[in-house]
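Participant: First the structure, then my questions, so here it is.
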Amino acid sequence: MSRLRALAPFALLSLLWGLSFPAISIGLENIPPLLFASFRYDIAAVLLLAVAVTGAGWKPESRGDYEAVVGGGLFLIGANGFLFIGQQTVPAGVAAILQGLVPIATALWALLLLGERVSAVGFLGILLGFVGVGLVVRPTPENLVSGDIVGRLLVLLQVAGVSLGGVVVQQADSSLDATPRAAWSMLVGAVLLHLVSLGLGEQVALDYPLAAVGAVIYLGVFATAIAFILFFRVLDRYGAVETSLVGYVVPIVATIASVFLLNEPITLVTLLGFVVVFVGFLLLKRSALRTMFT
């Protein structure tokens, strides 16, 4: 029973995040992508700020606080606009699989910007991660001009932005707790997405179908606000490395949900790419994983 209780938060978090990818695909049938992303973070920012104001020190005050909020808003939140644009042509399961590159891309940003050391085996893990992404994207001469591969490259831009944001926020000397920091970051990101959406001429409608409204509510409330609070509880209890393993269960949930809910096809080559990315992660994080399981 205790083992089941320990696995329950991981399973719930994987389910919430895994279902977010087909939810995005459903909403994109009726809502412009950046406007859709804006709605998601509008809702999440309001809910998390409502939670944050019940505690002390919920407003950013120092320079480090503002750096974390702006960096998180621009990269961790704003970069997700690329995911919503990309998923107009990319199957939800494939978009989820590409998220497996985030821990590897984060290590690469830390290497490039912070000069952190990576062992030879860790560097091999990074290379394997990109080999796996190559298998998922498959940039052949025949499909280089297709909307599908452009969408996959846009999802990779989102991965690059989110992973860069993780490094930026980590380096900021912020004293804000996780919940208010995320809430303000989501507010900054939502405003940015609204501005870009407006600049691109995306229009708000007053008669969205029930499925689209449900997708927005699910993403804002469950896959963002509630999932965020759950994520940090899991992080505090189990640590960063063990929590990051959730990211490799999410694509499985997203793929299964996409096949059954959206009838999306997933090729064996794409699944092989996911496995290669996961092996790269294991090599990169082998020391932390060894410590965790000993």
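Participant: List, please: which pairs have Cβ atoms under 7 Å, are six or more places apart or on different chains, and start with a residue in the range 29-57 that is within 12 Å of Glu202 (Cα to Cα) and end with one that is among the charged types (D, E, K, R)?
Facilitator: Between residues of the range 29-57 that are within 12 Å of Glu202 (Cα to Cα) and residues that are among the charged types (D, E, K, R), the close pairs are Pro32/Glu202; Leu34/Glu202; Leu35/Glu202.
Participant: Against the definition (under 20 Å from Ile266 (Cα atoms) and out of contact with any strand residue (DSSP E or B) (no Cβ under 7 Å at 6 or more places or on another chain)), how does Val90 come out, yes or no? Walk me through it before giving the result.
Facilitator: On the way: under 20 Å from Ile266 (Cα atoms): yes; out of contact with any strand residue (DSSP E or B) (no Cβ under 7 Å at 6 or more places or on another chain): yes.
Against the criterion (under 20 Å from Ile266 (Cα atoms) and out of contact with any strand residue (DSSP E or B) (no Cβ under 7 Å at 6 or more places or on another chain)), Val90 qualifies.
Participant: Here's a follow-up. Taking only the range 39-71 into account, find how many residues are within 18 Å of the chain's Cα centre (by Cα) and under 17 Å from Phe228 (Cα atoms).
Facilitator: First, the residues of the range 39-71 that are within 18 Å of the chain's Cα centre (by Cα): 39-45, 48, 68-71.
Still in the list and also under 17 Å from Phe228 (Cα atoms): 39-45, 48, 68-69.
Selection size over the range 39-71: 10.
Participant: For the range 192-215, name all the residues that are surrounded by fewer than 17 Cβ atoms within 10 Å (Cβ to Cβ) and assigned to a helix (DSSP H, G or I).
Facilitator: Answer for the range 192-215, where residues must be surrounded by fewer than 17 Cβ atoms within 10 Å (Cβ to Cβ) and assigned to a helix (DSSP H, G or I): Leu195, Val196, Leu198, Gly199, Leu210, Ala211, Val213, Gly214.
Participant: Every residue in the range 167-178 that is assigned to a helix (DSSP H, G or I), surrounded by fewer than 20 Cβ atoms within 10 Å (Cβ to Cβ) and touching a Gly at 6+ places or on another chain (Cβ under 8 Å), please.
Facilitator: To start, the set of residues in the range 167-178 that are assigned to a helix (DSSP H, G or I) comprises 167-171, 178.
Filter again for surrounded by fewer than 20 Cβ atoms within 10 Å (Cβ to Cβ), leaving 168, 170-171, 178.
Matches in the range 167-178: Val168 only.
Participant: What number of residues in the range 254-277 are exposed (fewer than 14 other Cβ atoms within 10 Å of the Cβ) and in contact with an Asp or Glu (Cβ under 6 Å, 6 or more places away or on another chain)?
Facilitator: Residues flagged as exposed (fewer than 14 other Cβ atoms within 10 Å of the Cβ) and in contact with an Asp or Glu (Cβ under 6 Å, 6 or more places away or on another chain) within the range 254-277 amount to 0.
This table checks each residue for (1) in a helix (DSSP H, G or I); (2) at pLDDT below 80; (3) not polar (S, T, N, Q).
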residue: Gln99; (1), (2), (3): yes, no, no
residue: Val102; (1), (2), (3): yes, no, yes
residue: Val118; (1), (2), (3): no, yes, yes
residue: Gly122; (1), (2), (3): yes, yes, yes
residue: Leu127; (1), (2), (3): yes, no, yes
residue: Gly134; (1), (2), (3): yes, yes, yes
residue: Ile149; (1), (2), (3): yes, no, yes
residue: Leu157; (1), (2), (3): yes, no, yes
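Participant: Now for a different question. Might you let me know whether the range 280-292 holds any residue that is under 25 Å from Leu156 (Cβ atoms), modelled with pLDDT of 80 or more and within 18 Å of the chain's Cα centre (by Cα)?
Facilitator: No: zero hits.
Participant: Name the single residue, out of those in the range 40-92 being in a helix (DSSP H, G or I) and of a type in the set (Ser, Thr, Tyr), that is surrounded by the most Cβ atoms within 10 Å (Cβ to Cβ). Outline the logic, then answer.
Facilitator: Just the residues of the range 40-92 that are in a helix (DSSP H, G or I), to begin with: 40-52, 63-77, 80-86, 92.
Then keep just the ones that are of a type in the set (Ser, Thr, Tyr); that gives 41, 66.
Numbers: Tyr41: 29, Tyr66: 16.
Step by step, filter the range 40-92, then rank; the result is Tyr41.
Participant: Condition first: modelled with pLDDT of 95 or more and of a type in the set (Phe, Trp, Tyr). Now tell me which residues in the range 209-230 satisfy that.
Facilitator: Tyr218, Phe222
Participant: When the range 231-268 is examined, which residues are found to be in contact with a helix residue (DSSP H, G or I) (Cβ under 6 Å, 6 or more places away or on another chain), modelled with pLDDT under 80 and either more than 30 Å from Gln170 (Cβ to Cβ) or of a type in the set (Asp, Glu) (or both)?
Facilitator: Matches in the range 231-268: Glu242, Ile266.
The values are calculated or read from the model by the stated rules, or taken from the named source; none is laboratory data. Not measured: the values here are computed from a predicted model. Neighbour counts run over all protein chains shown; Cβ positions are idealised from the backbone, glycine included.
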